[in-house]
Amino acid sequence: MVVKNNVEEFKARRFLTYAMGKLDEDTVLNLVQQGLEQGVDSFQLIEEARAGMEKVGELYDEGKYFLCDLIVGADIFTGVINLVLKSTNVEPVKDAPPVIIGTVSGDIHDIGKNIMISVLKSKGCQVYDLGVDVPKEAFLEAVKKTGSTVLCLSGLITTAYESMKKIVDSLEKEGLRSKVSVVIGGLVNEAVKNYTGADYWVTDCAKGSDLCMQIIHAHSGRQGLACLY
Ligand code: B12
């Protein structure tokens, strides 16, 4: 557990965010490893690293980082998740339906989607990743096949909104709409949610993964069915 008044530990955690923002892979992974060995809460460590990833995004927007830096950042973040998964020995619950996720048709952005997947896995969720530029038929097929209660749609370009809407409309036509909650993420907002007919919109994988867990629990009516949370 985190000791709130431990000044050294506080500094180390702030340094983790800083190191992530600087894309300093060795330091990030060392700090996470040390934190885990000292019993720091693993989700706190993920949150610190995620805050650093936000900084990477800001620096990109300011023109100080380039595309390759975003990709390096996503790789380092995946390394953080892998360390946490290894140390906490989180195993997916086999009999629970997975969270389905994919970047919708016409869109190939997947850095944020992959981070979302890493965070979901770090919480013990099984994830069914459909990849990028995914046609609506593949989402429908996955919902039917897995019986999943959470459908996550990622989209960062405006044309993705039409694809999201078509997926929700198709769920309705096929009589599946009430069985699955649709969560959209990426470059989305309340207006996009309303246009597409999705249930929720999220622009942050920490909040998004928490939301997915809540939905799974609400659908299952059993605490902890799908995730070790
Ligand atoms: C990297 C990037 C690319 C890379 C993508 C590489 C890859 N493998 O993903 C490349 C170079 C390929 C690319 C291509 C294009 N891009 Co681009 N790209 C970006 C950029 C710079 C960063 C996106 C990113 O990865 N951010 C970092 C991640 C971590 O953030 P994130 O995706 O938002 O994810 C977070 C949350 O949103 C959330 N999340 C994400 N998905 C989901 C899903 C769910 C369910 C949940 C809960 C949460 C969640 O979790 C993440 C972590 O918290 C953005 C600009 C920007 N600032 O966003 C433009 C941007 C998205 N691209 C843009 C454009 C226009 C294009 C192109 C059309 C360019 C072109 N003319 O060819 C093509 C599109 C091709 C296509 N068909 O998709 C525009 C979109 C504008 C618009 N409104 O339509 C943007 C906004 C740039 C701009 N300002 O103009 N792009």
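Label-to-label distance for S87 and K207 is 2.8 nm, based on points extended 7 Å past Cα in the beta-carbon direction. Compactness of the chain was expressed as the Cα radius of gyration divided by 2.2 N^0.38 Å, which yields 1.04. Using the Cβ-Cβ distance between F15 and V72 with R0 set to 25 Å, the FRET efficiency from 1/(1 + (r/R0)^6) comes to roughly 0.85. Taking all protein chains together and rolling a 1.4 Å probe, I81 ends up with roughly 0 Å² accessible.
Taking the square roots of 5 times each eigenvalue of the Cα gyration tensor of region 100-211, largest first, gives ellipsoid semi-axes of 18, 16, 13 Å.
Computed with every protein chain present, the accessible area of K55 is close to 90 Å² [probe 1.4 Å].
Entry comment: accessible area of region 18-145 is 48 Å² per residue, from protein heavy atoms only and a probe of 1.4 Å. Within a straight-line Cα-Cα reach of under 16 Å, K145 can be paired with the following lysines, leaving aside sequence neighbours fewer than 8 residues apart in one chain: K94, K136, K179. Candidate cross-link partners of K55 among the lysines, defined by an alpha-carbon separation under 29 Å and a same-chain spacing of 8 or more, comprise K4, K11, K22, K64, K86, K113, K121, K123, K193, K207. Across the chain, C-alpha contacts under 8 Å between residues 6 or more apart give a mean separation that, scaled by the residue count, equals a relative contact order of 17 percent.
Relative to the Cα centre, the charge distribution of the chain, modelled as +1 at Lys and Arg Cβ and -1 at Asp and Glu Cβ, gives a dipole magnitude of about 660 debye.
To put it simply, the accessible area of the chain at a 1.4 Å probe is 53 percent carbon and sulfur. Ranked by the mean number of other Cβ atoms within 10 Å per residue, highest first, peptides 67-79, 125-137, 145-157 order as 145-157, 125-137, 67-79.
In this view, the solvent-accessible surface of E141, computed with a 1.4 Å probe and all protein chains in place, comes to about 110 Å².
Coupling constants for region 69-74 follow from the phi torsions by the Karplus curve (6.51 cos²θ - 1.76 cosθ + 1.60, θ = phi - 60°), and in residue order they are 5, 4, 5, 4, x, 5 Hz; glycine and proline get x.
The values are calculated or read from the model by the stated rules, or taken from the named source; none is laboratory data. What you see is a predicted model, and the numbers here were worked out from it, not measured in a lab. So basically every Cβ, Gly included, is an ideal-geometry build from the backbone, and we count neighbours across all protein chains shown. Ligands, DNA and RNA are excluded from the accessible area calculation, which covers all protein heavy atoms including side chains. Shrake-Rupley method; radii C 1.70, N 1.55, O 1.52, S 1.80 Å.
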